[in-house]
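Heads up: the structure comes next, in structure tokens.
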Amino acid sequence: MAKKTIANVDVAGKAVLIRVDFNVPLDENGKITDDRRIQMALPTIKSVLERGGRVILMSHLGRPKDAPDAKYSLKPAADRLAELLPNKVVFAADTVGADAKAKVAALKQGEILVLENLRFQPGEKKGNPEFAAELAAFADIYVNDAFGTCHRTDASMVAVPNAMAGKPKVCGFLVEKEIKYLTDAISDPKRPFVAILGGAKVSDKIMVIKNLLGICDKVLIGGAMAYTFSLAQGGKVGKSLVEPDKVELAKELLASGGDKLVLPVDTHAGDAFSADCNKKIVAAGEIPDDFEGLDIGPKTAEMYADLVKSAKTVVWNGPMGVCEMPPFDEGTKAIAQAIADSDSISIIGGGDSAAAIQKLGFADKVSHVSTGGGASLAMLEGQKFAAVELLDEA
């Protein structure tokens, strides 16, 4: 999937429309609590500015109902960008309205314009070609640097580049890196290749498990979805979070996975969903009726850590337990530590796994932390992304 990048395009004197992922978390006062997604977009933005281009940024934030909503404004992201770069950053109060058009026309070389939230327009989620044409008219070059939304077919991801016929359509450095790591891991992994999948539901990860069982040497299961597998094996799961309607599917995966599919051997259980509940370590499949599984147990953590240590490629997506509530974060921490200590090519799928790696200070000890939870899962499922396929070939 070799695609041209922004580095391959002459941007001098050009307007460059970059789809970024500034979907950052905000507190109740509208302050950004984690600016990592903005930081990750800086190399692409700087590349354009340093080579004499002018930058127009578009993104969504949150889930507004196809109309302006002040709490989902991109103004805080624009303000943060102005703090991070010496260049002039201008904010448009609309997306394709009079203010945006006037500010696009006035934008000078070396300056940045941030458009208001794409999802304030109903045409974004619907992939509306008229809305896309208005955005496309703003620029000479289109750049996709929003990996977190690459699996979507929103207007800004597909219809806008399609509307820019004859103009360069390339990926930014972040998307280039994400694709390289995730596709390389699947197409030509260094072995042993170990995948660790956690989270609450088997249903969320069915296609990933199926795809990875055909590629990996081992697929390690953690999180609440382990209890559905346990139920499929006739185990007792007490009050644990399970998907009874997915038991037959779990049985199929167990049969097809054979010894590739590795399940927990013990469980850290509690009699309530709280940090100060009564706790016990029990064998997998032997959770008492009044207890629920809240984390993998210490024997499982040790077994999984050993498998990680011997791996040459590791992909991790999803926590091993209730990672936001000590002491049921121990399993997730043990996996994070093992990955950080290994010399494997290590790829952390976004979401809770990425947050855990960041929080524990291991981000610089792994090969790649993905910025897109849903997108990285879709890529691990083996999906093709229309938003990437339509970009110019290298």
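Condition check ((1) in contact with a Phe, Trp or Tyr (Cβ under 6 Å, 6 or more places away or on another chain); (2) open to solvent by 40 Å² or more (accessible area, probe 1.4 Å)) across all residues:
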{"residue": "263", "(1), (2)": "yes, no"}
{"residue": "267", "(1), (2)": "no, no"}
{"residue": "271", "(1), (2)": "yes, yes"}
{"residue": "276", "(1), (2)": "no, yes"}
{"residue": "279", "(1), (2)": "no, yes"}
{"residue": "290", "(1), (2)": "no, yes"}
{"residue": "296", "(1), (2)": "no, no"}
{"residue": "300", "(1), (2)": "no, no"}
{"residue": "304", "(1), (2)": "no, no"}
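Name every residue in region 206-225 that is modelled with pLDDT of 95 or more and open to solvent by 10 Å² or more (accessible area, probe 1.4 Å), in order of residue number.
Scanning region 206-225 gives 217, 218.
Please determine, by comparing only the residues of region 22-60 that are of a type in the set (Lys, Arg) and under 16 Å from residue 140 (Cα atoms), which one is least open to solvent (accessible area, probe 1.4 Å).
Once the filter is applied, the top-ranked residue is 54.
Sort out which residues of region 92-113 are under 30 Å from the mean Cα position of the chain (by Cα), of a type in the set (A, V, I, L, M) and under 20 Å from residue 66 (Cβ atoms), and write them in order of number.
92, 93, 96, 100
I'm trying to understand the selection: among the residues of region 114-153, which are open to solvent by 10 Å² or more (accessible area, probe 1.4 Å) and aliphatic (A, V, I, L, M)?
Matches in region 114-153: 133, 137.
Looking at region 336-350, which of its residues are part of a loop (DSSP other than H, G, I, E, B) and surrounded by fewer than 19 Cβ atoms within 10 Å (Cβ to Cβ)?
Listed by number, the list holds a single entry, 343.
Does at least one position in region 61-75 carry a residue that is aliphatic (A, V, I, L, M), open to solvent by less than 50 Å² (accessible area, probe 1.4 Å) and in a helix (DSSP H, G or I)?
Taking every residue of region 61-75 in turn, none turns out to be aliphatic (A, V, I, L, M), open to solvent by less than 50 Å² (accessible area, probe 1.4 Å) and in a helix (DSSP H, G or I).
Counting just the residues of region 226-252 that are hydrophobic (A, V, I, L, M, F, W, C) and surrounded by fewer than 21 Cβ atoms within 10 Å (Cβ to Cβ), which one comes out farthest from residue 192 (Cα to Cα)?
Per the stated criteria, the residue is 241.
Please verify whether region 83-96 includes one or more residues that are in contact (Cβ under 8 Å) with a residue 60 or more places away in the chain, out of contact with any Leu (no Cβ under 7 Å at 6 or more places or on another chain) and more than 30 Å from residue 351 (Cα to Cα).
no
Just wondering, is there one or more residues in region 13-24 that are part of a helix (DSSP H, G or I), at negative phi and in contact with a helix residue (DSSP H, G or I) (Cβ under 7 Å, 6 or more places away or on another chain)?
No: zero hits.
For region 142-165, state whether one or more residues are under 26 Å from residue 7 (Cβ atoms), part of a loop (DSSP other than H, G, I, E, B), small (Gly, Ala, Ser) and without any contact (Cβ under 8 Å) to a residue 12 or more places away in the chain.
yes
When you scan region 311-328, do you find a residue that is under 20 Å from residue 189 (Cα atoms), modelled with pLDDT of 95 or more, open to solvent by 20 Å² or more (accessible area, probe 1.4 Å) and basic (Lys, Arg), even just one?
The answer is yes, given that some residue of region 311-328 is under 20 Å from residue 189 (Cα atoms), modelled with pLDDT of 95 or more, open to solvent by 20 Å² or more (accessible area, probe 1.4 Å) and basic (Lys, Arg).
Quick check on this structure: which one of 359, 333, 384 is among the basic types (Lys, Arg), surrounded by fewer than 23 Cβ atoms within 10 Å (Cβ to Cβ) and either touching a strand residue (DSSP E or B) at 6+ places or on another chain (Cβ under 7 Å) or touching a residue at least 12 places away in the same chain (Cβ under 8 Å) (or both)?
333
Of all residues in region 172-205, which are crowded, with 23+ Cβ neighbours inside 10 Å, hydrophobic (A, V, I, L, M, F, W, C) and more than 24 Å from residue 337 (Cα to Cα)?
174, 175, 202
Scan region 362-381 residue by residue and report those that are part of a helix (DSSP H, G or I), touching a strand residue (DSSP E or B) at 6+ places or on another chain (Cβ under 8 Å) and surrounded by 23 or more Cβ atoms within 10 Å (Cβ to Cβ).
376, 377, 380
The values are calculated or read from the model by the stated rules, or taken from the named source; none is laboratory data. What you see is a predicted model; the values in this text were computed from it and never measured. Here the Cβ is made from the backbone with ideal geometry for all residues, glycine too, and neighbour counts use every protein chain on show. Areas reflect the complete protein model, heavy atoms only, side chains present, ligands, DNA and RNA absent. Shrake-Rupley method; radii C 1.70, N 1.55, O 1.52, S 1.80 Å.
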